[in-house]
Amino acid sequence: MQFTLNVNGKSETVDVEPETPLLWVLRDHIGLTGTKYGCGIARCGACTIHVDGQATKACQLPASAAVGKQITTIEGLSSNSSHPVQRAWVEIGVPQCGYCQSGQIMAASALLRKRKNPTEDEIEAAMADNLCRCGTYQRIVQAIRRASQLAQA
Amino acid sequence: MTTQTLSRRSFLQASVAVGGGLMLGFHMPEALAASIGPRPQSTTTAVGTEVNAWIVIDKDSTVTLRIPHTEMGQGGITSVAMLIAEELNVDWSRIKTEFADANRHLRNNKEYKVMSTHGSQLVRLQHPHLMGAGASARERLKQAAAEAWGIDRSEVEAKLGMLTAGSRSATYGELAEAAAKVTLDKEPEIKKDPAKWWLLGRPRQRLDIPHKVNGSAQYAIDTRVPGMVYAAVKASPVPWGALKGYNFDAIKDRPGVIAAVRLKAVPGKRDQPDMQDAVAVVADSWYRAKTALELLPIEWDFGDSAKTSTAGYYAEGHRLVEQKGILSGKEDPMAAEIIAAAKKVVTASYQRPFETHARMEPINATVHVQADRVDVWSPTQDQSSAVTLVASQLGVDPRTVYAHTMFLGGGFGGNGGGGTAVTRQAAEISRQVGKPVKVIWSREEDLAQDKQRPMTVAKLSAAIGDDGLPTALFTRAAWFTMDGINQLGSATADYAIYNMPYLIPHRQHERHNVKTHIPSSTHRAPGANQHGFMAESFVDEMAIAGGWDPLEWRIRMTEGMPDWQLVLKTLKERSGFRTDLPKGEGMGVAVVESHGTIAAACATVTVSRRGRLEIEKVLVVLDAGHVINPHTATEQCEGSVCWELSHAWMGGLELENGRFVNTNFDSYNLLRIHQRPQVETVFALSGGTKWGGLGEPAGPPAPPAVANAIYYATGKRIRETPFRSQDLTWTDLA
C-alpha cells in the first residue's frame, strides 16, 4: 500500500504493508538510520522518535497510523546539533557506544518540551523505558539538567 | 553507636556538584578538538604523505592517524590518537582519525601488530608500539630537517607540529615527504615517565561524541549497499539442534520474499562457538524477512540437550563440588586437613546463572560477495578474524576480503572472532543469492543464540583460627561451558577464587569444567565477574565469623602488598565504610584484581522491610598503574559497575528444556535509569611499570560489595544472583 508520511518536515512516499512498523520504514525505505532497532517490543527505547511532539517507540507504531502526523527523528531534531539536549550531551560527554543515544536524546527532548525543569522523579519516569548497556545513566540525568538550563539561558 | 541516615537525594546532590565541576575541566570546544568522521569505515581518505602505517601528514600539517582498534564505546579512538600524538607532538586540533585497513594489515604481515580489541588491552599492552609509531615519525621528521639544514638531528626540536633549530623552522607538513624517505639507525625509546607527558594523563573529550548525538554515527547494522537484500535467521531453539527440514512453499508467496537458505553447522569449532544449523529467509526488507521466517514451518532434532535446565545444571554443579576436581593454582593437601580438624569452620555454596551480552546493537553483518573481492561490514572486535572467517567459509584468498571497521553498538567481550556465526551466515547467504545481504538477528535470536557467560556453582570452606583469621581455605567451582572449556580470556575462569591475594597459610582450589550445548565466550571481565562475587562475598563470611571488620580484614590480609594496601586504604579513607548503620541501611566492600588492575568497591544500599533494594552509591577505587585519559577511564568505571549490577541484580537467563526462555527485554530485564547507583571513581595509581586495563575491572567488585551491604542492612547473606529473585524482607525482631 502506498502512502505519504511527513518526516522531519519532508514528504516521503512509501509502498509497504500498512502494518509495517514505522521504525523499518524510516531505516530501510527512507534511509534514516539514526533511529535504531533494539528489541521490537517497545521495551528498550532505541527507536524513540517524536510523533506530533510526543516521544513514541517507532518499533510498535504501524507506519499507516503515522499518516498525517509530524514525525521527527534524531536527524530532524536540529540541523546542526544545536538543540539544547544535543549540546548538553556533548558537554557532559554522555555517549559511550552511542547506539541507544538517539532514543535517549529524543525521549529527553520530549520531556523538556513538557517540563522545563523536571524533577529527578520526572526524569526517571520519562527515561525508564530507554535501556543503556554502557551505563551512561548518571550522565544522562546530569545532561538533562544541563539541557534544561541551556534551554532557558 | 552513632547512626547516620542515608538518603538518595543527598548523594545525588553531592555528586552533581563534584561531577559538574569536573565536567567544566573536561569540556573542549569542538573547534579545538581532533576529529573523526561519521563513516570511519571508509577505505583510506587521508590526504598527504604516509610517514608510517599509522600516520599521514598533509602539506598543511593536518595529521591523519589510523586507528587499528575498534570503537565500541570504550573511547578507543581517542586513546589511540592520544598515545600517538603524545610522541609525535602535534597540535590536538590538527588531528583527524580514520580506521586502519584490515586487508592491508593482513597483506602486509600484520602491519598494525594487533587488529583485535579485547581484554582491556588497548592501552595497557599496545601503548608501546602506538607511542613508538609516533616517536619514530617524530624522529624521522627531525632527521629530515637536520639533513635539509646541514645540522645534527639532536639540534632539532619537534613541538606541536613545528620543527625548529635556532632561527630556522619548518612545519611537519613541509618535511613530511622527506621524512617518509628517512631510515633511522635505531628506533627511539618511548617516554615512560608520566612526568614528561604533555598530553597523556589529561582528560580529553571523546572524538566520536559529535556523531553520537545526531544519528550520523554508522554502525554495521546501518550499512546500505546498492542492490542489497535482507535476511532474518533462526538457529535451533535448543542450541546445536540439527535442522531436519522446512517448508518454504508455506511462505514463498509472501510479499518481498526471495529465498530460504539452509545454513549448515561448521563442525569441529565448538570450542570457539561458530555457525549452527540454521534457516535464513531472504527478502527485500528485513521486516518482511523476519515476519516470513516467523511463519516458516521448521523441523529440528534437539537430541538430549532438550533435557537440560538451569535447575538441573545447578543440581549437577552442587553434586560436582563435593567431588575432587582439576587443580587450579597450587596444590596444598594441608588445606583440607586443617579444615577437617578445625574447631571453627565456615562453609558456603554459591551459584550464578547464564548471562548474555545483550549489546544494544543486535547481532548483524553485511557481506557482499563479488567476482574478485568480498566486502564485510561486521560489528566485530576483531577485524583480522572477520577476514579469515569469511575467506574460510567462501574458500577465497583472504587478501581479497575487505573488512570495514564500524562503530560498535557495544562489545562487552561478545564480538570477538570476527563476529563468528553471523558473519559466516552473511557470507554464505550472499554467495547463494548472488547479492549483498544484511543479516540481522532479531532480539530474541540475539539473546537465545549469543555466546553466553557460563553459569557457575562454587563451594568454599575455611578454618578460622583463634585470632579470627583463616588458617586454611579449600574451594571448588563447577562451571558450565560449551564443551567444558575452562579458559575464556587470559586465565582460567576461576582465577578470581584461586588468585585471591590474601595471606591464608594453606589454600587449595579445584574446578570442574562441565560440558554443555550452550555456546559460551568472554563476557566483560570474564571469570572475575561471576567468581569475584563468590570469592569476595565469602571473604565477608570469613571475616564476620572471625569477628573482624571486613575492610580491616582485607587490609590485614594483604599486608606487605603495597598496591593492595594503596587501594584498600584509599577506599577506607574515601568511603567512610562502617558496619553500624541502622537496620535497613548497609555498606559493603569488595576487591577484585583483573586485567592487571586492582579494583575495590564500597556499596551503600537501603533495603525496605518489604525487601525493596536501592543501591544508593558505589565508590570504586582502582590501581591501573597509569591512566592516559581520566575522562574515558572514569566513564568505563561507571559503565563497568552498571554492567555487573545489571546482571547481578536484574539479569539471569533461564534455561528450560534446553532452550533459553527469557529472550527479550520484557523478561530479561536489565538495569534501568531509576535503578542506577551513583558511581564515584577514584584512581589510586602506583605508577612505575604497571599498566592495567580499565574497560572491565571496576565491575567485578560491585556485586559482592552490594551483597555484603545487603547483609548489613538485612542480616541476610545472598549467595546467588539475580538479587531481584532473593527474599530481602526483614523485620525489627530478627
Within 10 Å of each residue's Cβ, count the other Cβ atoms and sort A:Met1, B:Met82, B:Met482 from fewest upward. A:Met1, B:Met482, B:Met82
Hey, any idea what Rg/Rh is for the protein assembly as shown, computing Rh the Kirkwood way over Cα pairs? 0.97
Among the lysines, select those whose C-alpha is under 27 Å from the C-alpha of B:Lys572, and discard any that sit fewer than 8 residues away in the same chain. B:Lys583, B:Lys617, B:Lys690, B:Lys716
Give the cross-link partners of B:Lys181 among the lysines, using a straight C-alpha distance below 28 Å as the criterion and excluding same-chain residues fewer than 8 apart. B:Lys59, B:Lys96, B:Lys110, B:Lys113, B:Lys142, B:Lys159, B:Lys191, B:Lys192
Non-local amide H neighbours of B:Ala259 (under 5 Å, H modeled in plane, Pro and chain starts lacking H): which ones? B:Val282
Share antiparallel - DSSP beta bridges, the protein assembly as shown, percent rounded to 5: 70 percent
Checking rank on B:332-339, B:352-359, B:514-521, A:95-102, with mean other Cβ inside 10 Å and highest first, the result is A:95-102, B:352-359, B:514-521, B:332-339
Mind checking which lysines have their C-alpha under 26 Å from B:Lys234, skipping anything on the same chain fewer than 8 residues away? A:Lys36, A:Lys57, B:Lys244, B:Lys252, B:Lys264, B:Lys269, B:Lys290, B:Lys307, B:Lys435, B:Lys438, B:Lys451, B:Lys515
The stretch A:62-134 to the stretch B:647-726: how many Å between their Cα centroids? 27 Å
Where does the protein assembly as shown land at 222 nm, in deg cm²/dmol rounded to the nearest 500, when only DSSP H runs of n ≥ 4 count, each adding -39500 (n - 2.57), divided by all residues? -9000 deg cm²/dmol
What is the set of long-range amide H partners of B:Gln218 at a cut-off below 5 Å, with H atoms built 1.01 Å from backbone N? B:Phe407
Arrange the peptides A:30-43, A:62-75 so that the one whose residues have, on average, the most other Cβ atoms within 10 Å appears first. A:30-43, A:62-75
If amide H atoms are modeled at 1.01 Å from N in the peptide plane, then the residues at a separation of 5 or more from B:Val51, or on another chain, having amide H under 5 Å from its own are B:Val56, B:Ile57
Mind putting a number on the dipole of chain B about its Cα centre? Charges go on the C-beta only, +1 for Lys and Arg and -1 for Asp and Glu, and I need it in Debye to the nearest 20. 620 debye
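Only the coordinates and a few stated rules stand behind these numbers; no lab work does. Keep in mind the model is a prediction, meaning the values are calculated, not measured. Using ideal geometry, Cβ is built from the backbone for each residue, glycine included, and neighbour counts are taken over all protein chains shown.
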